[in-house]
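To start, the structure itself, in structure tokens.
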Amino acid sequence: MKMMNIALPKGRLGDKAYGVLERAGYACPALREDSRQLTFVNEEAGVRYFLVKPADVAIYVERGAADIGIAGKDILLEYAPDVYELLDLNMGRCRMCVAGPKDFDDDHAHTLRVATKFPRIAARHFSARSREIELIHLNGSIELAPVVGLSDVIVDIVETGATLRENGLAVLEEIVPISARLIANKASFKFKREEIRALAERAQESLTAKEKAEVQGK
């Protein structure tokens, strides 16, 4: 059996994704233990898991340190890693949106100031609309930017919209829906094609009925 190297994002999304793989027959009991380890191996199941920051999963997969991984669609759109996208796991569902003050009206009288953690996504979005923008790349507290006048609008991930509402902001436009995807390294897919396809198929089968219905209904 060929060992499968799997990059899991740390945190709640990684826990949910591991649950799917566990039900699919790729369990690694050590992952359920309270530990500071970053790698976990189950030779009998033929899997080795790595725990990495969510934004780094695609890098580990693209460069071949991991055969497969679970990454958010936002990361895939922003960094465009050279990987195969195999399966929508329908987890971590949210939206990439343009947001700003509730009464904001873009009169196109000046260059639009856009604060975001996702400059490539924002640039592509506004370029497709022929809207001239000034990008302001921030790493956190994006909602603060229009409140204090740093930007006109923001481009960010919106889950419930509660933080926007609490700061007097609203979704102005939805760019794209976001969810977790199962991705594969291209070379690994060539040499471990059967193993990776089997894992993807079993993972899809192990999605709950609710998850399957939501994926099919999109």
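The values are calculated or read from the model by the stated rules, or taken from the named source; none is laboratory data. Bear in mind that the values here come from a model prediction, so they are computed numbers and not experimental data. Note that we place each Cβ from the backbone using ideal geometry, even for glycine, and neighbour counts take in every protein chain shown. Heavy atoms of the whole protein, side chains included, go into the accessibility calculation; ligands, DNA and RNA do not. Shrake-Rupley method; radii C 1.70, N 1.55, O 1.52, S 1.80 Å.
For the range 72-94, what are the residues that are more than 17 Å from Gln204 (Cβ to Cβ) and part of a strand (DSSP E or B)?
Gly72, Val83, Cys94, listed by residue number.
If I ask for residues that are closer than 26 Å to Gly14 by Cα and without any contact (Cβ under 8 Å) to a residue 60 or more places away in the chain, which ones from the range 88-129 would you list?
Those that are closer than 26 Å to Gly14 by Cα and without any contact (Cβ under 8 Å) to a residue 60 or more places away in the chain: Thr116, Lys117, Phe118, Pro119, Arg120, Ile121.
Counting only residues that are at pLDDT 95 or above and among the charged types (D, E, K, R), give me the strands (runs of 3 or more DSSP E) lying completely in the range 109-187 with at least 2 of them.
Counting at least 2 such residues, we get 169-178.
Please specify each residue of the range 15-34 satisfying the condition of being assigned to a helix (DSSP H, G or I), surrounded by 17 or more Cβ atoms within 10 Å (Cβ to Cβ) and of a type in the set (A, V, I, L, M, F, W, C).
Hits for the range 15-34 are Ala17, Val20, Leu21, Leu31.
Counting only residues that are farther than 15 Å from Ile175 by Cβ and open to solvent by 100 Å² or more (accessible area, probe 1.4 Å), how many does the range 108-128 have?
1
List the number of the failed condition for Arg131; all other conditions in (1) in contact with a His (Cβ under 9 Å, 6 or more places away or on another chain); (2) surrounded by fewer than 13 Cβ atoms within 10 Å (Cβ to Cβ); (3) of a type outside the set (A, V, I, L, M) hold.
Answer for Arg131: the failing condition is (2).
Conditions: (1) open to solvent by less than 80 Å² (accessible area, probe 1.4 Å); (2) within 30 Å of Ala162 (Cβ to Cβ); (3) touching a helix residue (DSSP H, G or I) at 6+ places or on another chain (Cβ under 8 Å). Tyr79 meets all but one. Number of the miss?
Going through (1) open to solvent by less than 80 Å² (accessible area, probe 1.4 Å); (2) within 30 Å of Ala162 (Cβ to Cβ); (3) touching a helix residue (DSSP H, G or I) at 6+ places or on another chain (Cβ under 8 Å) one by one, Tyr79 breaks only (1).
Just to check your reading of the model, which residue among Ile183, Ile157, Ile196 is touching a Phe, Trp or Tyr at 6+ places or on another chain (Cβ under 9 Å), touching a residue at least 40 places away in the same chain (Cβ under 8 Å), open to solvent by 10 Å² or more (accessible area, probe 1.4 Å) and not small (Gly, Ala, Ser)?
Selected residue: Ile157, the only one of Ile183, Ile157, Ile196 that is touching a Phe, Trp or Tyr at 6+ places or on another chain (Cβ under 9 Å), touching a residue at least 40 places away in the same chain (Cβ under 8 Å), open to solvent by 10 Å² or more (accessible area, probe 1.4 Å) and not small (Gly, Ala, Ser).
Filter the range 145-172 down to the residues that are of a type outside the set (Asp, Glu) and over 21 Å from His125 (Cβ atoms) and list them by number.
Val147, Val148, Gly149, Thr160, Ala162, Arg165, Asn167, Gly168
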